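Down below is the structure, laid out as structure tokens.
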Amino acid sequence: MKDDLTSSVTIFVTTAVCVVALIQRKQRRTQNSYHTQHPSNGSSLSQPWLSKQDVLQLRTKHFLKSVSVSYANTGGLMILKGNGSRLYDERGTSYLDTRNNVCHVGHCNPRVVDAVSRQLAELNTNTRYLHPTVIRLAQRLADKCPDPLQVVVFVNSGSEANDLALRLARAYTKSKNTIVVEGAYHGHTLAVLEVSPYKYQHSKEFDLQLQEEETTKGPVTTPGPHIWQVPCPDMYRQRHNTGKEYANHVQDGCDYFQRKGESTGAIIMEGGMSVGGVILPSDDFVRDSVTAVRNHGGVYIADEVQTGFGRLGSSFWAFQHGNHGIVPDIVTVGKPFGNGMSLGAVVTTPEIAKAFDSMGVEYFNTFGGNPVAAAAGMAMFDVLEDEKLQEHALQIGGYLKKRFWEIQTERLHQDLIGDIRGSGLFLGIDIVESSTLRTPAAAKTSFICSRLKQQYNILTSIDGLYDNVLVIKPPMVFSKEDADFFVESFSKVALELEELGATVETMEWTPT
């Protein structure tokens, strides 16, 4: 009996010690995790904490100065955590994210995190091997595209996708002559910089040459005679009254190449022009432009890097928005595809793929479409479909537009909000000095962006040819409550603007 009692006491004490040890271990882990994100005592860990000032100083030393920092005029942001439509800095401050179209189904979506974690624990290697998840993702992507788009090539980013798209077009058409749209941005490789007026117009990397035709805006310069730039088809400022008139500039480009005895290779165009200021090209512009290019031997590359995967709500792809009925020859995707993981793709036709294969050079991409990235892409698709986020984008986007129009008329913001355009969760608020003259108000837009961040913890993005468009492209889980908070905060900042008046013009520009 005594031995049994002793044995029981021993077991009890041993168990208690183990439980206490586990609790203490968990507490230490929690404390370390807290200090890793929120140090209050300068504690040094195996990976020492760096303050925001430390990071800025080291960044200055080790990064190119041309690598920009958002909100640099107000000290920048050190973002350490994300959840849904929210981002958190080193102090735990929560920011509403209205600008991040990379984490498509929400920051740190648990289903994506789980899929990536499980696959990473099992295998990640180069892409020369067969893998079921990779091919299932290719099939799933192709199924979302209209015929005859069915051949998929995986890459790491939108830049890589557009770079490969140009190679495919040149292999098929035997022409490098490309028509580009004013203000467009297609990536950062040398090839896609040449088709990105947003970049080449401001870069000394290129020996820009005067384009033969002068537009109503004055002389146009491009990286060379193989690039033809056309005006952005902005129907709000109405350089032309119809999309057909804008498309005439595309025809001019085709005629220019023909006069030189050359064919047209491609037109590359975003279904929703983001950097251009949220321009959804009209049906007649798309139809007439693509018809002109195809009649001169070229192909249509649809850049869906910013706007694909249901963001517009009205359609899965931005190139499907409207009723023009045009199917691209090549489609590129990137940013949201992996919900934060590096994943992009090109989808094209068997005919164009065959022409590329005939070039006789292997296409190999070490990490493009690796098993972990593919797992992220599959999980993103699952969440997008299961939670009906395309329908959600249409509903919340429509609600946002309605609320902005209401405050524009009811709260006397008529001379601040000139236009509210776009579809779904791809919207642009055009900020103006005068709604009658439609004069772009870049300084006011910068002020609004800074104040929304400083006063209301809302992150926004500025784009447009005149740096006066607030671009709204949040994670697709953006809620009605998020929308209300955003609109009300915007309205309060607008009232501040009225009080400050001309003083805003002297304030420092806000890089986003």
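Check GLN238 against each of (1) surrounded by fewer than 24 Cβ atoms within 10 Å (Cβ to Cβ); (2) touching a Gly at 6+ places or on another chain (Cβ under 9 Å) and name the one condition it does not meet.
Condition not satisfied by GLN238: (2).
Out of the residues in segment 292-304 that are in contact (Cβ under 8 Å) with a residue 12 or more places away in the chain and part of a helix (DSSP H, G or I), which is surrounded by the fewest Cβ atoms within 10 Å (Cβ to Cβ)?
Restricting to residues being in contact (Cβ under 8 Å) with a residue 12 or more places away in the chain and part of a helix (DSSP H, G or I), the top hit is ASN295.
Looking only at segment 185-224, count every residue that is farther than 21 Å from GLU304 by Cα, in contact with a strand residue (DSSP E or B) (Cβ under 9 Å, 6 or more places away or on another chain) and not β-branched (Val, Ile, Thr) and tell me the total. It would help to see each step written out before you state the result.
Start the filter on segment 185-224 by keeping residues that are farther than 21 Å from GLU304 by Cα, which leaves 201-224.
Those still in the list that are in contact with a strand residue (DSSP E or B) (Cβ under 9 Å, 6 or more places away or on another chain) too: 201, 206, 208-213, 215, 219-224.
If we keep only those that are not β-branched (Val, Ile, Thr) too, we end up with 201, 206, 208-213, 219, 223-224.
Final tally of qualifying residues: 11.
Residues that are among the hydroxyl-bearing types (Ser, Thr, Tyr), touching a Leu at 6+ places or on another chain (Cβ under 9 Å) and in the same structural domain as TYR172 (by TED's automatic domain parsing): does segment 253-261 have at least one?
No, the conditions are met nowhere in segment 253-261.
Which pairs have Cβ atoms under 8 Å, sit 6 or more apart or on different chains, and link a residue in segment 375-389 that is in contact (Cβ under 8 Å) with a residue 60 or more places away in the chain and under 18 Å from SER315 (Cβ atoms) to one that is of a type in the set (Lys, Arg) and assigned to a helix (DSSP H, G or I)?
That search, which allows pairs on different chains as well, returns PHE381/ARG140.
Among (1) farther than 16 Å from ALA373 by Cβ; (2) free of Cβ contacts under 8 Å to residues at least 40 places away in the same chain, there is one condition SER117 misses while meeting the rest; what is its number?
All conditions pass for SER117, except number (1).
What helices (runs of 4 or more DSSP H) completely inside segment 158-261 contain at least 1 residues that are within 20 Å of the chain's Cα centre (by Cα) and acidic (Asp, Glu)?
Ranges flagged: 158-173.
Across segment 364-374, which residue is nearest to MET341 (Cα to Cα) among those that are assigned to a helix (DSSP H, G or I) and under 20 Å from the mean Cα position of the chain (by Cα)?
ALA373
Could you check SER358 against (1) touching an Asp or Glu at 6+ places or on another chain (Cβ under 8 Å); (2) in contact (Cβ under 8 Å) with a residue 24 or more places away in the chain; (3) over 22 Å from ARG311 (Cβ atoms) and say which number it fails?
(1)
Could you tell me which of the residues ILE326, ILE330 is modelled with pLDDT of 95 or more and closer than 17 Å to VAL305 by Cβ?
Checking each option against the conditions leaves just ILE330.
The values are calculated or read from the model by the stated rules, or taken from the named source; none is laboratory data. Not measured: the values here are computed from a predicted model. Methodologically, a virtual Cβ is constructed for each residue, glycine included, from the backbone with ideal geometry; neighbour enumeration extends over all protein chains shown.
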